[in-house]
Structures are given as structure tokens and as C-alpha cells.
Amino acid sequence: MAFKSCLVPLLLPVAMALLLLAFGSSPAAAQLEVGYYSKTCPNVEAIVRNETEKILAAAPSLAGPLLRLHFHDCFVRGCDASVLLDSTGGNTAEKDAKPNKSLRGFGSVERVKAKLEAACPNTVSCADVLTLMARDAVVLAKGPSWLVALGRRDGRVSSATEAADHLPPAFGDVPLLTKIFAANGLDVKDLAVLSGGHTLGTAHCGSYARRLYNFSSVYSADPSLDSEYADRLRTRCKSVDDKATLSEIDPGSYKTFDTSYYRHVAKRRGLFQSDAALLTDATTKEYVQRIATGMFDDVFFKDFGVSMIKMGNVGVLTGAQGEIRKKCYIVN
């Protein structure tokens, strides 16, 4: 699988502009730099890229999970790799919170981190590894690239309770999702754009089964869900108690980063309630319908890179804060 993107030249000036904007508003983010490891670990991006390429060549379906790991990290305590920490006897960590039980890719992150430790011991944070792997996973899935400023440090705290309270839920409506995004410095457009990440990956039946069975006292199925699509989903997801069955979030294209997700949502075939909710708000609906035409793929690719840079700067630890973990699943 070749690592390339014809959109890199288009995105570089946009990414640089946004980096400058973000640095102007966040003292911690301002300490991040493109080329941060140029002297201490000059091959960091090549090492991450090459190892991620090997991982996805063997298991292409991991692109979505690697992107999701970065999302779930940044929305809880910021992008500090706290989602990677294991629970201990006295603490239940984020990865064991109910919304995170289906996360995958932890072993892949450890594999990349081990390569970096061999090349540059005690230098590159797990938070930076996770950020780079998310970007590279998107590119390897034929999506856009964007500049990643580095210099994040790793947090020492990970709480399942915080994860349950702060992650955007699959059943969220736009007001709730907007509130959660705003708490992380992200706006309604970012919500519409970053939802496009659902073009990659799969979801367990339990995350959407309520839309199919006993939805309310009035409706047996969610009326915002296309009835034919609901019937198709029921053939896979047999009941609300089905915890194992997986469905493609973007049917027919779940390993490829493209705009087909928006076409499904526009046809009322978004898998989650949060996807369907995008059609209930004027701003998010307009974005969905525009990208769904298939005439603005380049716009979405550019927007996604911009929003990912913003998200990757949320709540970062820099300087003397946090630590550089030797292993991502345990504090030093």
C-alpha cells in the first residue's frame, strides 16, 4: 500500500495557517512544533509511517480504530495518551470505560512505540505517536494528509469515570454534541467534519441496536432511520442484547477514507443517532448535503485536516508537564 496523497501541497499552507492560529490562542499548543524532534529523533515520522504502513498492510481494517483511539484520547484530558494506560488495582482507566470497551489498536501503538524507543530512547511521547498514527492511518486509507506539530507529553492520570462523562455518545443530538465539542475548543463545523471520520471502521450492534428495536413508546424503530436500511441492519443485529456482531459504519467503503459516509447520512442511513442528528441542524445539514453531492471531496479532505489539527492541539501537555512514557500502557 503506497503512502502518498496528491493533496499534500494543497493542505500544507492551510495546516500552517491553522497551526499559527491555534498557537495564538493556546499557550500549551504554542509549544508544539512541526519538526520538534528534528535533532533528538530526526526519523520519527518515517519510523511511525513505515511501521503503520506494515500494520495496515496486514490488517487494513485497523485504520478506523487507530483514528478512533486518537479521538477518544483527545476528548478526555486532552491529547495526552491517557486512553492507552492500563487500569491498576486502585484505578479503572479510560480504556475500561464502557464507551471505550470496543477500542482496538493498542498493540499497534505499542509496536510503533517500541520501534521509536529502539531508535531514540526516552524521547518521543506516546501522545505524539498516537497523533501521527491517526494521520498516517487516514493517508494509508486514501485520505488526506496534514502537518502534525509535535512535542506533546504523556499524562499520568486515566479515569474511566471521566471517559464516560466526556466522550461524545453515539446517541447524542446536536445540542449535546455541540456542547461537548465546544468544551474542547471545537465548533459546529468541526462536528460536521470530524463526524466524517465514520467513513472508516465498524461498530458493535450494541451501539445502534436501540434504533432498531423498541425505540420509544410510539416507534418500534427510530423514525429518522431509513426503513429499508433498518430492515437490513436487523438481519445482522438480531436484538439489543447482541454484543458481538459488527456492522460497517460506511457500508461498502469502511476501509477507505472518502465522502460516501455523507451520502449515507443524507439518505437517512447513518448508523448512529449522532449521525442522523446531523440532519436536524441547519449548519451540519448544509455541510452533509454539500459533501454528499460528491462534488466537494477536496473541500472535505482539506476541512478534515484542519479540524484534526485543532483536535490534536486540545489540552496538550508540553514542556515540563507530564512525562515521556517508555511503554504506553504504564506510567514510568
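The values are calculated or read from the model by the stated rules, or taken from the named source; none is laboratory data. These numbers come from a predicted model, not from an experiment. Cβ atoms come from the backbone with ideal geometry, glycine included; neighbour counts cover every protein chain shown. Areas reflect the complete protein model, heavy atoms only, side chains present, ligands, DNA and RNA absent. Shrake-Rupley method; radii C 1.70, N 1.55, O 1.52, S 1.80 Å.
With the structure loaded, tell me whether Leu225 is in contact with a Gly (Cβ under 9 Å, 6 or more places away or on another chain), on the phi < 0 side of the Ramachandran plot and either touching a residue at least 40 places away in the same chain (Cβ under 8 Å) or among the charged types (D, E, K, R) (or both) or whether it fails that test. Break it down into steps so the answer makes sense when it comes.
Details: in contact with a Gly (Cβ under 9 Å, 6 or more places away or on another chain): yes; on the phi < 0 side of the Ramachandran plot: yes; either touching a residue at least 40 places away in the same chain (Cβ under 8 Å) or among the charged types (D, E, K, R) (or both): yes.
Yes: the conditions hold for Leu225.
For segment 118-129, does any single residue satisfy the condition of being at pLDDT below 95 and assigned to a loop (DSSP other than H, G, I, E, B)? Full working, then the answer.
Residues of segment 118-129 that are at pLDDT below 95, as a first pass: none.
Scanning segment 118-129 turns up no residue that is at pLDDT below 95 and assigned to a loop (DSSP other than H, G, I, E, B).
Filter segment 167-181 for residues that are open to solvent by 60 Å² or more (accessible area, probe 1.4 Å) and modelled with pLDDT of 95 or more; which is nearest to Ala276 (Cα to Cα)?
Among residues in segment 167-181 that are open to solvent by 60 Å² or more (accessible area, probe 1.4 Å) and modelled with pLDDT of 95 or more, the one nearest to Ala276 (Cα to Cα) is Asp173.
List the pairs whose first member sits in segment 28-51 and is within 15 Å of Arg153 (Cα to Cα) and open to solvent by less than 10 Å² (accessible area, probe 1.4 Å), whose second member is basic (Lys, Arg) and modelled with pLDDT of 95 or more, and whose Cβ atoms are under 8 Å apart, counting only residues at least 6 apart or on separate chains?
Cβ pairs passing all conditions: Leu32/Arg152.
Is it the case that some residue within segment 105-114 is within 20 Å of Lys39 (Cα to Cα) and surrounded by fewer than 17 Cβ atoms within 10 Å (Cβ to Cβ)?
Going through segment 105-114, the residues within 20 Å of Lys39 (Cα to Cα) turn out to be 112-114.
Among the residues that remain, those that are also surrounded by fewer than 17 Cβ atoms within 10 Å (Cβ to Cβ) are: 114.
Looking through segment 105-114, at least one residue is within 20 Å of Lys39 (Cα to Cα) and surrounded by fewer than 17 Cβ atoms within 10 Å (Cβ to Cβ).
Would a scan of segment 284-296 turn up a residue that is assigned to a loop (DSSP other than H, G, I, E, B), of a type in the set (A, V, I, L, M) and open to solvent by less than 10 Å² (accessible area, probe 1.4 Å)? Talk me through it step by step, then tell me what you get.
Of the residues in segment 284-296, the ones assigned to a loop (DSSP other than H, G, I, E, B) are 293-296.
Checking the rest, the ones that are also of a type in the set (A, V, I, L, M) come to 295.
Narrowing the set further to residues that are open to solvent by less than 10 Å² (accessible area, probe 1.4 Å) leaves none.
No, the conditions are met nowhere in segment 284-296.
Would you mention how many residues in segment 117-147 are surrounded by 24 or more Cβ atoms within 10 Å (Cβ to Cβ), over 24 Å from Ser253 (Cα atoms) and aliphatic (A, V, I, L, M)?
Number satisfying all stated conditions: 3.
Which number in (1) under 13 Å from Leu167 (Cβ atoms); (2) in contact with a Ser or Thr (Cβ under 9 Å, 6 or more places away or on another chain); (3) open to solvent by 10 Å² or more (accessible area, probe 1.4 Å); (4) part of a helix (DSSP H, G or I) marks the one condition that His72 misses?
(2)
Residue pairs, Cβ under 9 Å, 6 or more apart or interchain, first in segment 270-294 and at positive phi, second in a helix (DSSP H, G or I) and open to solvent by 10 Å² or more (accessible area, probe 1.4 Å). List them.
Sorted first by the residue in segment 270-294, then by its partner, the pairs are Gly294/Ser260; Gly294/Arg263.
I'd like the residue in segment 199-222 that is touching a Gly at 6+ places or on another chain (Cβ under 8 Å) and not polar (S, T, N, Q) and, out of all such residues, is surrounded by the most Cβ atoms within 10 Å (Cβ to Cβ).
Ranking the qualifying residues of segment 199-222, first place goes to Leu200.
So which of Thr235, Thr256, Thr280 ends up being within 30 Å of Glu53 (Cβ to Cβ) and surrounded by fewer than 19 Cβ atoms within 10 Å (Cβ to Cβ)? Full working, then the answer.
Working: Thr235 fails: within 30 Å of Glu53 (Cβ to Cβ); Thr280 fails: within 30 Å of Glu53 (Cβ to Cβ).
The unique qualifying residue is Thr256.
Take the conditions closer than 20 Å to Leu176 by Cβ and touching a residue at least 40 places away in the same chain (Cβ under 8 Å) and apply them to Asp303. Does it pass? Full working, then the answer.
Values: closer than 20 Å to Leu176 by Cβ: no; touching a residue at least 40 places away in the same chain (Cβ under 8 Å): yes.
No: the conditions fail for Asp303.
Do you know which residues across segment 210-244 are among the charged types (D, E, K, R), farther than 14 Å from Gly270 by Cβ and in contact with a helix residue (DSSP H, G or I) (Cβ under 6 Å, 6 or more places away or on another chain)?
Asp242, Lys243
Residue pairs, Cβ under 8 Å, 6 or more apart or interchain, first in segment 238-253 and farther than 16 Å from Asp275 by Cβ, second surrounded by 14 or more Cβ atoms within 10 Å (Cβ to Cβ) and β-branched (Val, Ile, Thr). List them.
Lys238/Thr245; Leu246/Thr202
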